[in-house]
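What follows is a short report on a single structure.
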Amino acid sequence: MLSTTQKVLRAANFTMAAAEAKQLLKDQGLEVAFAGRSNAGKSSAINAITARSSLARTSKTPGRTQQIIFFELDETRRLVDLPGYGFAKVPNRIKKHWRTLMSGYFTDRSSLQGLILLMDIRHPLRDEDIQMIDWCVDTQTPMHILLTKSDKLSKGAGANQLQKINKELNTLGYEGASMQLFSALKKTGIPETLDIISEWLDISAE
Ligand SMILES: Nc1nc2c(ncn2[C@@H]2O[C@H](COP(=O)(O)OP(=O)(O)O)[C@@H](O)[C@H]2O)c(=O)[nH]1
Ligand SMILES: [Mg+2]
């Protein structure tokens with residue numbers, strides 16, 4: 001049996017891609033955004049969460065498209081796939097474009113209910129991840145962290161890493177961040193993520 005949230009998410013449909021802040025979809029209704037370094041497993045996670053195998057393109061070679069992608073769920077709800085960051089050799093103008101696009105998105109986006117920040121459990125809290133967290137703190141946007149590819153670590157090592165990252169976040173001044181282990185490969189952590197999204201998008205259980 002599919003839950004109401006699963007049904008809503010399964011209906012996700014590509015709506016549009018914005019390369020500039022002025023092209024963003026109208027700021028109305030409710031949306032949840034996904035952000036992460038390139039290769040963190042964002043596309044795989046979006047596919048796993050929506051139970052749609054190829055909604056967000058997954059690839060082994062990191063793409064360089066700097067676009068904000070909107071997936072409509074229904075008339076009032078959306079998922080937003082923010083451009084990946086952290087490429088090793090990206091020209092400065094592309095980095096600048098990313099920063100402008102992202103800060104344009106975060107500024108006055110009242111439909112944004114929360115950000116899901118994805119970080120490879122083995123490589124968390126890089127510079128741009130912290131920048132994302134800062135934007136959330138500045139704009140008072142709720143944030144939930146998925147530590148992805150948790151299948152790469154043993155259960156014990158995964159739990160240790162979760163605790164360590166939590167401590168680091170507290171040291172950095174981001175207390176009470178919600179966080180979980182996630183694996184698109186093993187399909188673990190999906191119900192917990194669905195609960196958060198369901199709350200943010202105000203999807204009530206039937
Ligand atoms: N082991 C493992 N690999 C994963 C997982 N999720 C994604 N990957 C792999 O990591 C690479 C990048 O994934 P992708 O979803 O395209 O990342 P994106 O660049 O953040 O969208 C691909 O080779 C995926 O197969 C996971 O949960 N476990
Ligand atoms: Mg991707």
- Residue-count net charge about residue 74 - beta-carbon cut-off 13 Å; Lys, Arg +1, Asp, Glu -1: 0
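Checking the table 95/164; 149/187; 42/89; 152/187 against a 22 Å threshold on Cα-Cα, which pairs fail?
Exceeds cut-off: 95/164.
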- Note on the structure: Highest mean packing first, using Cβ neighbours within 10 angstrom, the peptides 30-41, 170-181 sort as 30-41, 170-181
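For every other residue with a beta carbon closer than 11 angstrom to the beta carbon of residue 172, add +1 if it is Lys or Arg and -1 if Asp or Glu, then tell me the sum.
So the surrounding residues net to -3.
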- First compute the accessible area of the chain with a 1.4 Å probe, then give the percent of it belonging to carbon and sulfur atoms. 48 percent
- Over the chain, what lengths in whole Å, largest first, do the semi-axes of the equivalent ellipsoid take, defined as the square roots of 5 times the eigenvalues of the alpha-carbon gyration tensor? 23, 22, 17
- Please work out the Cα convex hull volume for segment 1-100 and give it in Å³ per residue. 95 Å³
- What do you get for Rg/Rh over segment 117-183 if you use C-alpha atoms and the Kirkwood form of Rh? 0.96
- In square angstrom, what is the accessible area per residue of segment 4-200 with a 1.4 angstrom probe? 50 Å²
- Note on the structure: For the chain, averaging the sequence separation of alpha carbon pairs under 8 Å that lie six or more residues apart and dividing by its residue count, the contact order in percent is 26 percent
- Can you run phi through the Karplus equation (6.51, -1.76, 1.60; θ = phi - 60°) for segment 150-155 and list ³J(HN,Hα) in whole Hz, with x for Gly and Pro? 5, 5, 6, 10, 5, 4
- Each residue of segment 90-100 in order: what ³J(HN,Hα) in whole Hz does its phi give by Karplus 6.51 cos²θ - 1.76 cosθ + 1.60, θ = phi - 60°, with x for Gly and Pro? 10, x, 4, 5, 6, 4, 5, 4, 4, 4, 5
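The values are calculated or read from the model by the stated rules, or taken from the named source; none is laboratory data. Quick caveat: nothing in here was measured; it's all calculated off a predicted structure. All Cβ positions, even for glycine, are placed from backbone atoms using ideal geometry, and neighbour counts span all protein chains on display. Note: areas computed on protein heavy atoms with side chains; ligands, DNA, RNA excluded. Shrake-Rupley method; radii C 1.70, N 1.55, O 1.52, S 1.80 Å.
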